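Every number in this text was worked out from the coordinates using simple rules, so none of it is lab data. Keep in mind the model is a prediction, meaning the values are calculated, not measured. Every residue, glycine among them, receives a Cβ derived from its backbone with ideal geometry; neighbour counts consider all protein chains shown.
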Amino acid sequence: MRSQYLPGTLVAVAVALASTVQALWPIPTSYQDGKIGVEIKRSDFMIKSNVTSSSVINAAIERYQYLIEHEYFESPYDFNESTLKTSGMIYSLQVDVQSAQDVLDLETDESYTLEVPLEGKAVISAKTPFGAVRGLESFSQLIVSNTGRKIIKNAPIKIVDSPKFQHRGILLDTSRNFYHIDSILRTLDAMAYNKLNTLHWYAISPFSWPIESKVHPEMNEKGAYSLDMRYSYDDVKKVINYAKNRAIRVMPEFDMPGNTFIVGEAHPEIMSCLNKQPNWDKFAAEPPSGQLNIADPRAVTFAFDILSEYSRLFVDLGFHMGGGSLNLECWRSDPTIELYVRDHPGESVESLMVGWYTQMIGKIGDLGKIPHLREEAVLNFNLTAKNTTILQAWVSEDSVSKIVDKGYRVIASPWNRYYLDCGHGSWLLNFEGSSWCDPFKGWQQIYSYNPLTNITDPEKQKLVLGGEVALWSAQSDETTVDRYLWPRASAFAEIMWSGSTDPVTNTTRDLARVAPRLTEHRFRMVARGIMAEPIAPLWCVRHPETCMHAVAA
């Protein structure tokens, strides 16, 4: 049996492509293989399970049964491969699950084992339906097409696998530009192919309010771009159910009190610094300006209404309340807030802001949810939040260690590594300069980031729940989402699932060895309808030793 990683020179990388592990993304925790090819019996291959009462298992079996029957994937490295010899036949795949319980949250067990013998029945064993979903994806990636046959190379195979991090997500902003439901569902498919488990749905922005509200219908009526650019309750429920069947949580974000210009389209009376022009930059990170008036009880009531309504619609325990890019000058310039502070000695804009978040965190907790919040209120303004609060670190890589030092759980999203919308210049219509977050983040930058950097205390490392890459959509929509996300989000996914180090050598994985696997995975995603962009000329990934960064003589 051979171990997960193969030693050797850069030339050996190409030779190593014959190993079955080449096909698996993200790379498993533990992998052993042999040297014999086996064939999938096409005529009557069946996936069966000991559990028939789980809708997640039943949907997954139906999905992967169809995929295995209809997918004919040829690796880009097998372009001149002759007929491969096989010495055995796999007739079925048995999926054994300990419990049919399908609760999906941060504590859900996604581990599985997968065994492919030289003959007979392959077996997936998992504790939960969601672990079984991960195992089914791995099994599907082992299969390649060769002269019309479906084969698995290098049997017998044993995989023992589980994720490094609990929270492995994509933030998708569907409000700056609109994404039709089909593109969101396609993104969920791609997330499942990469074993990601959280869609962070950024639901509203300064520009639009596309999600139906039954409590405040005026928001959707006045805040949506058009009648056909709205998400109904049924649309949201469809996304949530589709995601769950792929072992993916859907966590909403309703960003308040900042970034809320669109609320002013329906309720200008509860707003501060509404659409200040042309000097909007004094009042907001981006135009049009507008923040909820944090001294106005009507704004608090409105926010409570929103939290209450959407905490019922979105069933996940996590509820993100935003908190980034707040502008204190917006509130300082508001005459009603200036008067309030003057009439209440000891109060300030900063204390009002801290008080706002204290109320919102309390409300989310009362609704039975776990509050999520961006870092600024805690790190910049000394908010003392409940220790159940999960903070999102985005301002810098150092923010992660600062947050765990304060005892909070954290999700890492440093903009300089994980913001996938960057690198396309400014979206301001009369400005030819760069975007604030340029340049473009290549897959290598994403893959090379370890959120545990500078955190050596094992107890503090446990507070790092994982991370999220973010696709803010000022310059993206359903026509670009595939290539903006993939395969860069795949690079992120492997670090989140497998960690950044080779468990055999305890060293950081060599990018030159990662690139061929990522390319093969990218080709498989394209074959499955995900229009992921290439990472290099195909020549380079077939001949990696010829395309390395130059070294001075």
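Observations
- Hydrodynamic analysis of segment 30-161 uses the Kirkwood radius over alpha carbon pairs. Inserted into Stokes-Einstein at 4 °C and 1.567 mPa s, it gives a translational diffusion coefficient of 86 µm²/s.
- Only one residue of SER49, ALA126, LEU93 has its Cα farthest out toward the positive end of the dipole of segment 30-161, where Lys and Arg carry +1 and Asp and Glu -1 on Cβ, and that residue is LEU93.
- Each of the peptides 487-496, 415-424 was scored by the mean count of other Cβ atoms within 10 Å over its residues; in descending order, highest first, they stand as 487-496, 415-424.
- For LYS276, no lysines have a Cα falling under 19 Å of its own Cα, not counting residues fewer than eight places away in the same chain.
- Ordering VAL400, TRP497, ALA299 by the projection of their Cα atoms onto the charge dipole of the chain, which places +1 on the Cβ of Lys and Arg and -1 on the Cβ of Asp and Glu, puts TRP497 at the extreme positive end.
- Protection proxy ranking, peptides 440-446, 152-158, 40-46, average beta carbon neighbours within 10 Å, highest first: 152-158, 440-446, 40-46
- Trypsin sites (Lys or Arg not before Pro) within segment 299-389: DSSP coil, no more than 14 neighbouring Cβ in 10 Å: LYS386
- DSSP-assigned coil residues among chymotrypsin sites (Phe, Trp or Tyr not before Pro) in segment 127-185, each with at most 16 further Cβ atoms within 10 Å: none
- Proximal charge balance of GLY407 [Cβ under 13 Å; K/R count +1, D/E count -1]: +3
- Total formal charge among the other residues, if their Cβ is under 15 angstrom from that of PRO371, Lys/Arg +1 and Asp/Glu -1: -2
- Among the chymotrypsin sites (Phe, Trp or Tyr not before Pro) in segment 184-269, those placed in a DSSP loop whose Cβ has at most 16 other Cβ atoms within 10 Å are TYR225.
- Too-long pairs where the Cα-Cα distance tops 19 Å, listed order kept, from LYS195/LYS402; LYS402/LYS462; LYS195/LYS369; LYS48/LYS85; LYS127/LYS237; LYS127/LYS150: LYS195/LYS402; LYS195/LYS369; LYS48/LYS85; LYS127/LYS237; LYS127/LYS150
- In the chain, the ratio of gyration radius to Kirkwood radius, Rg to Rh, stands at 1.00 when only Cα atoms are counted.
- For the chain, the residue among TYR449, SER183, LEU171 whose Cα projects farthest onto the positive side of the dipole built from Cβ charges is TYR449.
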